[in-house]
Amino acid sequence: DFKSRRRNDREGYRSLIFVFIFILILVESCGHKTALNPPPPKRLAPIENLAVEVGCNQINLKWNPVIMTQEAEIIKSQPQYLVFRRRGEKINAAKATPAATPVEKTPASLQTAPSPTINRLPDPIETSLYTPGATPTVKEHFSPDYDFKLIAIVSEIRKDRPAERISVEPIRFSDNGFPGIAYTPEIKFKKPKGFPPKKMDSDIDLVPGYTYYYKVQAFSQEGLTSEPSEIYEIPFNILPGAPIITNTHLDPDFVELTWTPPEKSCLNTQNPDIAGYFIERTEVGDSEQYLVIGSTDKAATNTYKDGTYTVNKQYRYRVKAYTTLGKIPGVPSEAIIVDTEDIFPPSAPTEINVAASSTGIHIVWSKSPESDVAGYRIYRSVDVNGPFICLNEPVLVQGTFFTDTTAQNEKTYYYAVASVDDTKNANESKLSDIKKIIVP
């Protein structure tokens, strides 16, 4: 009857619901390999160690090549790289920093640096094309939607290497003011239409006096992309030319450098205002990567004393002028090698005393203060003006006492002591004060 049919229908619906719930549970337990729960899309590993520096009328970038996916699978094909650039605010001399600074994913070593303000960025819409010696005229307005533009697609260049060999050389790219187009890649990359655009106006050039932001993204032949790299901020200006190191002086406590300032900019035009100099050093035979060891904060200062050197090493030194606006380091001077071989003798012994006894002439003195003193030489002469003859050659006296058993009775002698260090040169000090004694 009718009620019986409705009861049977309800039981049928319940059965269908139970079957559907069972299927859902089964699908969930199967993980991500189903149409209802697909696996997450693969992505390349992110760009690492992006470094940015200002060159002569260009900005230079380098980064580590991407060799695997996020799942640690080696990439068989050769990836390419998308370079994005955004122009920011005019350089503020009071807030500028001397080097490129990451503005996201900041390394621990830079976390104390102030983060740049990038909420409202000027969108230069009309400029004169910059040429050496010209001052760019910029008409600008602020636009909250001024975003990154794709300026280049960079391929890794492998010389005489099989395609399957993993590259460890950094990828390098120089931005000379390439035009760009607004583009945001998705998980899959497809080359946008109209790229690269033609260089039509100075709106796309690098204009001195502005801050620029960069980021890099990798993509494979299959179109898989990586996450964008950390964003780097760098002030851009025309670089001062190279100073000339004119003299070096090695002292036991420091290496002193003297230089002349650059006469012109790197473009052979008038120098930008110079605020001071960075002094860089690297050890010969090491990785020879220069590190800034000091700076001067006055353009008129042209000397620097490096008190951090280690003896018996060879160093390369170079000097860079940096600009008042942005503290941007200029072209480095030609490097000069300084050999810090220990050529400095220790100080002469002091408090010399001599006395005669039946066993000989006894000489005593105070220990020299230097830590590298290996021993002492004792000298004797029959004339106060010399010549003095060493009594203990070639063995050095280790202590501060010596007995001369070769002295003859009823003769006058003059004694002196010298310190000798433990270097390969065996540097010897001047003679101590001369002491006279008449042997009874």
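Filter the range 332-355 for residues that are under 30 Å from GLN270 (Cβ atoms), buried (at least 17 other Cβ atoms within 10 Å of the Cβ) and out of contact with any Phe, Trp or Tyr (no Cβ under 9 Å at 6 or more places or on another chain) and give the result. Result: no residue meets the conditions. For LYS327, the stated conditions do not hold, so it cannot be described as open to solvent by 50 Å² or more (accessible area, probe 1.4 Å) and either without any contact (Cβ under 8 Å) to a residue 12 or more places away in the chain or over 29 Å from GLY177 (Cβ atoms) (or both).
If I ask for residues that are out of contact with any strand residue (DSSP E or B) (no Cβ under 6 Å at 6 or more places or on another chain) and free of Cβ contacts under 8 Å to residues at least 60 places away in the same chain, which ones from the range 244-264 would you list? Before you say what the answer is, go through the steps one by one.
Filtering the range 244-264 down to residues out of contact with any strand residue (DSSP E or B) (no Cβ under 6 Å at 6 or more places or on another chain) leaves 250-253, 261, 263-264.
Those that are out of contact with any strand residue (DSSP E or B) (no Cβ under 6 Å at 6 or more places or on another chain) and free of Cβ contacts under 8 Å to residues at least 60 places away in the same chain: ASP251, ASP253, GLU263, LYS264.
Taking the conditions exactly as written (in contact (Cβ under 8 Å) with a residue 12 or more places away in the chain and open to solvent by less than 10 Å² (accessible area, probe 1.4 Å)), does TYR213 satisfy them or not? It is true that TYR213 is in contact (Cβ under 8 Å) with a residue 12 or more places away in the chain and open to solvent by less than 10 Å² (accessible area, probe 1.4 Å). Taking (1) of a type outside the set (S, T, N, Q); (2) buried (at least 16 other Cβ atoms within 10 Å of the Cβ); (3) closer than 18 Å to TRP365 by Cα in turn, ALA407 satisfies each apart from (3). Would you check which residues across the range 356-372 are surrounded by 13 or more Cβ atoms within 10 Å (Cβ to Cβ) and either more than 45 Å from the chain's Cα centre (by Cα) or at pLDDT 95 or above (or both) and list them? Matches in the range 356-372: ALA356, GLY360, ILE361, HIS362, ILE363, VAL364, TRP365, SER366. The test for being over 30 Å from THR310 (Cβ atoms), assigned to a loop (DSSP other than H, G, I, E, B) and touching a residue at least 24 places away in the same chain (Cβ under 8 Å) does not hold for VAL364.
Pick from ASP297, ASP306: which is open to solvent by 50 Å² or more (accessible area, probe 1.4 Å) and either within 30 Å of PRO272 (Cα to Cα) or in contact with a His (Cβ under 8 Å, 6 or more places away or on another chain) (or both)? Before you say what the answer is, go through the steps one by one.
Working: ASP306 fails: open to solvent by 50 Å² or more (accessible area, probe 1.4 Å).
After applying the criteria, what remains is ASP297.
If you check THR117, THR97, THR127 for being hydroxyl-bearing (Ser, Thr, Tyr), modelled with pLDDT under 50 and over 26 Å from GLY276 (Cβ atoms), only one passes: THR127.
The values are calculated or read from the model by the stated rules, or taken from the named source; none is laboratory data. Just so you know, these numbers come straight off a predicted model, no measurement behind them. Neighbour counts are summed over all protein chains in view; Cβ atoms, including those assigned to glycine, are modelled from backbone coordinates with ideal geometry. The protein model used for the area step is the full one, side chains on, heavy atoms only, and it has no ligands, DNA or RNA in it. Shrake-Rupley method; radii C 1.70, N 1.55, O 1.52, S 1.80 Å.
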